[in-house]
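Enquirer: Okay, here's the structure, questions in a sec.
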Number of protein chains: 2
Amino acid sequence: MDGDGVLRIGELSKRSGVSPELLRAWERRYGLLRPVRSTGGLRLYTPADVERVRVMRRHLSDGLAAAEAAALALRADADDQAAPTALRPDAVRDDLADALEGFDEPRAQAIFDRLLAVVTVETLLGDVVLPYLHELGDRWQRGDASVAQEHFASSIVRGRLLGLARGWGLGLGPTAVLACLPGEQHDLGLIAFGLALRARGWRIVYLGADSPIETVEEISRRRDPSLAVLSGVSGERLQPVVPQLRALAGRQRLAVGGAAAANGVLDDSGALALSGDPIAEAARVMALVGDGGEPS
Amino acid sequence: MDGDGVLRIGELSKRSGVSPELLRAWERRYGLLRPVRSTGGLRLYTPADVERVRVMRRHLSDGLAAAEAAALALRADADDQAAPTALRPDAVRDDLADALEGFDEPRAQAIFDRLLAVVTVETLLGDVVLPYLHELGDRWQRGDASVAQEHFASSIVRGRLLGLARGWGLGLGPTAVLACLPGEQHDLGLIAFGLALRARGWRIVYLGADSPIETVEEISRRRDPSLAVLSGVSGERLQPVVPQLRALAGRQRLAVGGAAAANGVLDDSGALALSGDPIAEAARVMALVGDGGEPS
DNA sequence: GGCTTCTGGACAAGAGCTTGACAACTCGCG
DNA sequence: CGCGAGTTGTCAAGCTCTTGTCCAGAAGCC
């Protein structure tokens, strides 16, 4: 499925039939594509970009103006995720919820298998897994779901997500280091975020739950990533480490994700707050890092 | 089918159609091949390497950049492996340690892939993963390994083990419920134990880290397992819950695993102590439950 | 001894990058 | 109809990055 790796502009040109100059022009003028950059500054495109260029061309040959065609191509992209027909996301979600809450691992795995055969990882995350995790969290807070159910479900989802994560350290794109704040055990959102970045061509170094800040510092020195992301669900986790974060943000582009980032605790720390859902934030990060480039 | 001896670079070049200079360049730049060396320092390749070079060439002719093609070839390696040479467990373990401690996820995954093509899950656990985890724990205590290395390595190992665990709830065998004691975050040993039981035909219901005892109780009621296992590395975790365990042991065959079970805290609780290594204990549990049969 | 291989660096061709310009085209309007 | 203004595909110059190839001297192998 995402077996294809990233493409450089020449190859995208060949596959889409659009000259490199024009591809760059479309990017500059309409933001049609927003490729990740390699360490050397080369544009790296994903297979999804090939499709987007195709849509653009189709609209052009329908007689639309370039600006118009680009706008449509960009929107089509969003619609695409909203309408994978055949499968009704909420139905699948209910199905999954039912399986997980009945402690029925085989059935839950089967649902994942069936889904992955039809949709992209991103759709899986955005339409099924993340909404389900939210729902489960809410129900747990209301006392409608037991700790047992929450534990069981998390374990299975974690296993599947980590399975999808295989090989996410590989490739040419920019590198992101991902870790949970000290004391934080909720890692599923962070893994989802990593998968979303991966789908856009990034390389991921994943440290997991409850990581001391020094840990992130060490990796930053060794791998010089384009971005380090710390994640946490509660502000209490964040408060005590803000000074450390400020120091780290001095030498390393830094972001904090999850609900912990929501209330302006980070305001003058130099770290970016990513309090939205993982997929949206991955898209945002793309834009920022793409624009800003690397601070040497 | 294998048995083929090793190849020197000239021979590999002839078979793969890639010049020796280029093969060396690919090794240096992308780590595509990692040949063992003769005593004199000559590179010695296996037939599997021929295949890998072929994959690389195919990706190149698909128009991918060399660096990207190499990355994919390294991952694709997973799918079809021909002849993974003689595998000496300690050598592999060192290799794995090296990859994990260098934060090199792709290489670590490749090592797992190569291993799994030849050995059973049980061998993988017993000869490589568990010893490595022990070693890492020791080094970490001595200060020879950093927290970052420990986190990174755990994440990858956890991902792989959970991947192997897929579908372990399926089947007809006796059911075991597995959970970590409250507050306990070390789940790798428990997962390994689950895999060992699975290899013997059990069904596993896995609850994961930091599980309240009530959680286990709830599942026991709903699934009526043949055994429930709680795991922890330190006795401190165990002490406070002994009364609860005693109560639970009244209606449910119960065991406690990990170092926490070592000192006679459990003596009169009715719970079985499993303080040895996961695989040996899985074998022991088989014998016990096999003998005793199912209570009603 | 003759052929192969090793290391490490160097090199050149080609692909890509950015900035800025430019000509063909479309379109609204007097 | 002709004209200015905006749109859009293409091009160029000067640099950087990537990648296949080459070299020289030392050493291995049969």
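Enquirer: Relative contact order for segment B:9-76: what percent, with Cα pairs under 8 Å and sequence separation of 6 or more?
Expert: 29 percent
Enquirer: Treat every Asp and Glu Cβ in segment A:89-164 as -1 and every Lys and Arg Cβ as +1, leave all other atoms uncharged, and give the resulting dipole magnitude about the Cα centre to the nearest 20 debye.
Expert: 220 debye
Enquirer: Given the options A:Ile279, A:Ile204, A:Ile111, state which has the largest fluctuation in a GNM of chain A using a 10 Å cut-off (strictly under) for Cα springs.
Expert: Highest fluctuation among the options: A:Ile111.
Enquirer: Then there's this: If you line up the long axis of helix B:105-116 against the longest principal axis of chain B, both from Cα atoms, how many degrees apart are they, to the nearest 10?
Expert: 80 degrees
Enquirer: Sticking with this structure for a sec: Search the structure for amide H atoms under 5 Å from the amide H of A:Leu227, placed 1.01 Å from N in the peptide plane, and list their residues when 5 or more places away or on another chain.
Expert: A:Thr175, A:Val177
Enquirer: Find how many whole Å separate the alpha carbon centroid of segment B:196-273 from the alpha carbon centroid of segment A:153-206.
Expert: Using only Cα atoms to place each centre, the spacing works out to 31 Å.
Enquirer: I'd like the orientation of helix B:20-30 relative to chain B: the angle between its Cα long axis and the longest Cα principal axis, in ° from 0 to 90, rounded to 10.
Expert: 40 degrees
Enquirer: May I ask you to report, in nm to one decimal and beginning with the shortest, the distances from B:Ala283 to the same position in the other copies, taking label points 7 Å along Cα-to-Cβ?
Expert: Distances between equivalent label points, in nm: 5.5.
Enquirer: Sticking with this one: If I model a spin label at B:Arg221 and B:Leu44 as a point 7 Å from the Cα along the Cα→Cβ vector, what separation in nanometres do I get?
Expert: Between B:Arg221 and B:Leu44, the label points sit 6.3 nm apart.
Enquirer: Shortest first and in nm to one decimal, what separations exist between B:Gly173 and its copies in the other chains, measuring from label points 7 Å along the Cα-to-beta-carbon line?
Expert: Distances to the matching label points in the other copies: 3.9 nm.
Enquirer: Calculated FRET efficiency, A:Ser234 and A:Ala91, Cβ-Cβ r, R0 30 Å, to nearest 0.05? Show your work: numbers first, answer last.
Expert: Numbers: r = 33 Å, r/R0 = 1.08.
Efficiency, from the Cβ-Cβ distance: 0.40.
Enquirer: What relative contact order, as a whole-number percentage, does segment A:89-164 give when Cα pairs under 8 Å and 6 or more residues apart are counted?
Expert: On the way: 38 pairs, mean separation 28.5, N = 76.
Relative contact order, segment A:89-164: 38 percent.
Enquirer: Sticking with this structure for a sec: What is the sum of charges around A:Ala108, taking Lys and Arg as +1, Asp and Glu as -1, for the other residues whose C-beta is under 13 Å from the C-beta of A:Ala108?
Expert: In short, -1.
Enquirer: A further question follows. Using a cut-off of 13 Å between beta-carbons, work out the net charge of the residues near A:Ala91 (Lys and Arg +1, Asp and Glu -1, A:Ala91 not included).
Expert: Numbers: positive: A:Arg88, A:Arg93, A:Arg114; negative: A:Asp90, A:Asp94, A:Asp95, A:Asp98, A:Asp127.
Spelling it out: positives minus negatives among the neighbours equals -2.
Enquirer: Specify whether the C-alpha gyration tensor of chain A places it in the rounded, prolate or oblate class, a ≥ b ≥ c being the square roots of the eigenvalues: rounded for a/c under 1.5, otherwise prolate if a/b is larger than b/c and oblate if not. Before the final figure, lay out each step's value.
Expert: Working: a/c = 2.01, a/b = 1.20, b/c = 1.67.
It is oblate, given that a/c is not under 1.5 and a/b is not larger than b/c.
Enquirer: Compute the helix-to-body angle for B:89-101: its Cα long axis versus the longest principal axis of chain B, expressed 0 to 90° and rounded to tens.
Expert: 90 degrees
Enquirer: Put a label point 7 Å from Cα along the Cβ direction on A:Asp138, then list its distances to the equivalent points in the other copies in nm, shortest first.
Expert: Label point to label point, same position, other copies: 5.2 nm.
Enquirer: If I model a spin label as a point 7 Å beyond the Cα along the Cα-Cβ vector, how far apart are those points for A:Arg54 and A:Asp267 in nm?
Expert: About 4.9 nm, to one decimal.
Enquirer: Also, quick follow-up: Under a GNM of chain A (C-alpha, springs under 10 Å), which listed residue has the highest mean-square fluctuation: A:Ser146, A:Ser231, A:Ser269?
Expert: Sorting by GNM fluctuation, first place goes to A:Ser146.
Enquirer: Next up: Once you order the gyration tensor axes a ≥ b ≥ c over the Cα atoms, which shape class does segment A:201-296 get: rounded for a/c under 1.5, otherwise prolate or oblate by comparing a/b with b/c? Intermediate values should be presented prior to the final figure.
Expert: Numbers: a/c = 1.39, a/b = 1.13, b/c = 1.23.
Note, shape of segment A:201-296 comes out rounded.
Enquirer: May I ask which residue of B:Gly40, B:Ala70, B:Val205 lies farthest towards the positive end of the charge dipole of chain B, with charges of +1 (Lys, Arg) and -1 (Asp, Glu) on Cβ and the Cα centre as origin?
Expert: B:Ala70
Enquirer: Please report the antiparallel percentage of the DSSP beta bridges confined to chain A, to the nearest 5. Let's see the in-between values first.
Expert: On the way: 3 of 20 bridges.
Antiparallel: roughly 15 percent of the beta bridges in chain A.
Enquirer: Let me ask something else about it. Defining a contact as two alpha carbons under 8 Å apart and six or more residues distant in sequence, what relative contact order in percent does chain B show? Write out the running numbers ahead of the final one.
Expert: Values: 397 pairs, mean separation 32.6, N = 296.
Averaging sequence separation for qualifying contacts and normalising by length gives 11 percent for chain B.
Enquirer: Give the Cα extents of segment B:162-202 along the principal axes, in whole Å, largest first.
Expert: Here the Cα extents, ordered largest to smallest, are 32, 19, 13 Å.
Enquirer: Now, a different point. Using a simple charge model, +1 on the beta-carbon of Lys and Arg, -1 on the beta-carbon of Asp and Glu, nothing else, what dipole does the protein assembly as shown show about its Cα centre, in debye to the nearest 20? Spell out each step's value before the answer.
Expert: On the way: 68 positive and 80 negative charges, 411 e Å.
Result for the protein assembly as shown is approximately 1980 debye, rounded to the nearest 20.
Enquirer: Per the Kirkwood formula on distinct C-alpha pairs, the Rh of the protein assembly as shown is how many angstrom?
Expert: Numbers: mean 1/r = 0.0387 Å⁻¹.
It is 25.8 Å.
Enquirer: Rounded, prolate or oblate: pick one for segment A:73-192, where a ≥ b ≥ c are the square roots of the eigenvalues of its C-alpha gyration tensor, a/c under 1.5 means rounded, and failing that, prolate if a/b is larger than b/c, else oblate.
Expert: Details: a/c = 1.68, a/b = 1.13, b/c = 1.48.
Cα axes put segment A:73-192 in the oblate bin.
No value in this document is a laboratory result; all are computed from the given coordinates. Note that the coordinates shown come from a computational prediction; the quantities given were computed from them, not determined experimentally. As a convention, Cβ positions derive from the backbone with ideal geometry for all residues, glycine included, and neighbour counts pool all protein chains shown.
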